[in-house]
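The values are calculated or read from the model by the stated rules, or taken from the named source; none is laboratory data. Computed from a predicted structure; not experimentally measured. Cβ atoms come from the backbone with ideal geometry, glycine included; neighbour counts cover every protein chain shown.
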Amino acid sequence: MKVFGFTLLAGLAALAISSTASAQTNIIRITGAQADRNALNAAIGHILNPGYVYGYAGSSLSGASQVEFRGTTVVGSYPVDIKTDLIGSTGGIQELVDNLTITAWFNATNLTASGTANLTGPTESALADISISDSFQGSTLYTSPLLSDKVIGVTPYVWVKNAGSPSTISNITPWIAQAILGAGQIPLSQITGLTNDQNTAVSIVGRDENAGQRLVAFAESGFGIFTPPFQYEPIISGTPGPSGTVTGIEPWPINTVNGITYPVGHSGYSTSSALAAALNTPGSYANAGTWILSYLAINDAASVTNLGAGSLSYNGFYYSPQAVQQGQYSFWAYTHWFNRTSFGGTPQTVANQIATQILNVDQANQGVLLNTLSVGRTVEGGVITFGNPY
């Protein structure tokens, strides 16, 4: 009887420990592409049971690069705390490969079912588990160790002109892109073909070295992923956006990104939203001395509409899902879901649920569903051929 009693008590104790372990919150930390934040944030919400709580930095969940969700998953009822801190595709891959610590994960105490906007602190430092990226690992400097890679969608990009730019800036070709990325400024006549525009300058602004959209723009145009660009920074009076004013422009200053220092003209904005706001800021040519071009993912570009600003055609074609699906519009990249090969257990199970949700449904929020693509390519900027390899 004593033996039986001991066995029964031991069994109950083991059950209690098992119940405690099963209820343990699984933390998943996701970094990577800001271009993919809309689909990512939507997908996280869709895999969670009603009643989950969340918060984000910024004015909208769809546009937030720093978010925290807590709840249980629809499939498996796993308790989770999912955090995002998106710094860029290339930077996200570097963080996984080099095991870089991110210091600004939210560890919030005021998450709500309706979403806490402009969430601030407290924060924590930790490694990322996942990077969502618009770049192949082999297209970056961070190729070893090899990460686990799943292609989950297609992210399109567009060339964008700034507020107040003339309507004659309407189309960008790969050769124009190469010229302006290399020199920083070109005459407007190189875009319009008009002799009277030879003395009017057009300048390039862009993202920093963490950004996948920068890598994709450099690859797609043929400029070269690792070719040093020369990018500018608008001088803005007031708040960037419709209420501010561009008063000038200067070469982007020396900048340090992930421990690497880059020379004057090499770097750019650390966030897509800041770049979009700068392009949406009005300024006369007399004040700024130039018109401005840049490259953005389609969701960020959609916010740049002030005073004639907005998306341009690329190589004679405007972006549309169908133009991407059929191979006419080429300024796009695959969306990748990266993790270390050592990543596993319940956190990986939950991460796979998010990736599958993006693949099947939520990539449509920011681009093109992978299974609708009739064409494909093997690398950013590569030849587009009929038949989707993924």
So is residue 275 within 20 Å of the chain's Cα centre (by Cα) and outside any loop (DSSP other than H, G, I, E, B) or not? yes
Of the residues in segment 58-92, those that are part of a loop (DSSP other than H, G, I, E, B), more than 30 Å from residue 141 (Cβ to Cβ) and of a type in the set (Ser, Thr, Tyr) come to 59, 60, 62, 77, 78
Being more than 27 Å from residue 134 (Cα to Cα) and surrounded by 16 or more Cβ atoms within 10 Å (Cβ to Cβ) narrows 271, 247, 239 down to just 247
If we ask which residues in segment 113-140 are of a type in the set (Val, Ile, Thr) and either without any contact (Cβ under 8 Å) to a residue 12 or more places away in the chain or exposed (fewer than 14 other Cβ atoms within 10 Å of the Cβ) (or both), their number turns out to be 1
Only one of 143, 103 is surrounded by fewer than 24 Cβ atoms within 10 Å (Cβ to Cβ), in the same structural domain as residue 367 (by TED's automatic domain parsing), closer than 20 Å to residue 216 by Cβ and out of contact with any Leu (no Cβ under 6 Å at 6 or more places or on another chain), namely 143
When segment 191-219 is checked residue by residue, the ones that are free of Cβ contacts under 8 Å to residues at least 60 places away in the same chain and buried (at least 24 other Cβ atoms within 10 Å of the Cβ) are 191
Over segment 14-34, the set of residues modelled with pLDDT under 95 and either in a strand (DSSP E or B) or touching a helix residue (DSSP H, G or I) at 6+ places or on another chain (Cβ under 7 Å) (or both) is none
Filter segment 56-79 for residues that are among the hydrophobic types (A, V, I, L, M, F, W, C) and within 23 Å of the chain's Cα centre (by Cα); the one that is surrounded by the most Cβ atoms within 10 Å (Cβ to Cβ) is 67
For helices (runs of 4 or more DSSP H) lying entirely in segment 146-239, having 3 or more residues that are within 16 Å of residue 380 (Cα to Cα) and outside the structural domain of residue 376 (by TED's automatic domain parsing) picks out 174-183, 212-221
In segment 146-184, anything surrounded by fewer than 23 Cβ atoms within 10 Å (Cβ to Cβ), hydrophobic (A, V, I, L, M, F, W, C) and closer than 13 Å to residue 335 by Cα is listed as 151
The residue that is farthest from residue 364 (Cα to Cα), considering only those in segment 292-308 that are of a type outside the set (Val, Ile, Thr) and surrounded by fewer than 24 Cβ atoms within 10 Å (Cβ to Cβ), is 307
Flagged pairs (Cβ under 9 angstrom, 6 or more apart or on separate chains; first in segment 344-373, closer than 18 Å to residue 37 by Cβ and in contact (Cβ under 8 Å) with a residue 60 or more places away in the chain; second outside any loop (DSSP other than H, G, I, E, B) and basic (Lys, Arg)) are 355/150; 359/150; 366/37
**Message:** Given the criteria at pLDDT 95 or above and at positive phi, does residue 49 qualify?
**Reply:** no
Exercise. Inspect segment 358-365 for any residue being modelled with pLDDT under 95, under 23 Å from the mean Cα position of the chain (by Cα) and assigned by TED's automatic domain parsing to the domain that holds residue 93 and give the result as yes or no.
Key: yes
Please verify whether residue 188 is farther than 21 Å from residue 208 by Cβ, touching a residue at least 60 places away in the same chain (Cβ under 8 Å) and under 22 Å from the mean Cα position of the chain (by Cα), treating the condition exactly as stated. no
